[in-house]
1. What does DSSP give for the chain in terms of the percent of beta bridges that are antiparallel, rounded to the nearest 5?
2. For labels at residue 19 and residue 159 in the simple 7 Å Cα→Cβ model, what's the distance in nm?
3. Just to be sure I understand the model, the point goes 7 Å from the Cα along the line to the Cβ. What's the resulting residue 84 to residue 103 distance in nm?
4. Over all distinct alpha-carbon pairs, what is the Kirkwood Rh of region 133-181 in angstrom?
5. Rounding to the nearest 10 and keeping the result within 0 to 90°, find how far the Cα-based axis of helix 41-53 lies from the longest principal axis of the chain.
6. Using Cα centres only, tell me the gap between region 119-181 and region 35-104 in whole Å.
7. Please work out the FRET efficiency for the pair residue 140 and residue 166, using the Cβ-Cβ distance as r and a Förster radius of 41 Å; give the result to the nearest 0.05.
8. What's the angle, to the nearest 10 degrees (0 to 90), between helix 135-145's Cα axis and the longest principal axis of the chain?
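Computed from the coordinates by the stated procedures, all read-outs in this text should not be read as laboratory data. Values in this document were obtained by computation on a predicted structure and should not be read as measured data. A quick note on method: Cβ atoms are made from the backbone with ideal geometry, for glycine too, and the neighbour counts reach across all protein chains shown.
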Ligand SMILES: C[S@@+](CC[C@H](N)C(=O)[O-])C[C@H]1O[C@@H](n2cnc3c(N)ncnc32)[C@H](O)[C@@H]1O
């Protein structure tokens, strides 16, 4: 949905162990960059191992709290590592709902992207319709993982972007929004 192209730079906020990286790498290719930001050193260590195992030399990993990080500082770190100050695409999957306040991380995502960038958020809510029966399970899973099921961070994409593309899976539990700034 993000329509990533060869040579583009993508910023993955709350990247964790880099589970998104294989798909991102496939899209941006060796001339692009994947920038992963996470506050957890152990998650980043796993992401680093993944990048080195796959021999991706265009992955830049930065340890930072996305709710308090300074965009200028992050941009400087990225350029020092060979990347570009602003990314063409920024995304957060299963991540903003863990951040308090997630709006600060969202604003930083916007500041670290180019004009006409694509931004994407995938996050969780209570299942809807017939799947509402699974709500206690979904709430328990979110609580266990430290996510706020009522955060609904994709609403920021709807508010701040144009050309919104939307999807949902698992009975509405997973909400996906992509838009252009
Ligand atoms: C559920 S994992 C999702 C990882 C990855 N995005 C994925 O889809 O597999 C959430 C990640 O967000 C990170 N995280 C939580 N709060 C954060 C914050 N304030 N700043 C940066 N990363 C944060 C956690 O360390 C964790 O790696």
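1. 40 percent
2. 2.6 nm
3. 3.1 nm
4. 12.0 Å
5. On a 0 to 90 degree scale, this one is about 60.
6. Going from one Cα centre to the other spans 22 Å.
7. Using R0 = 41 Å, I get an efficiency of 0.95.
8. 30 degrees
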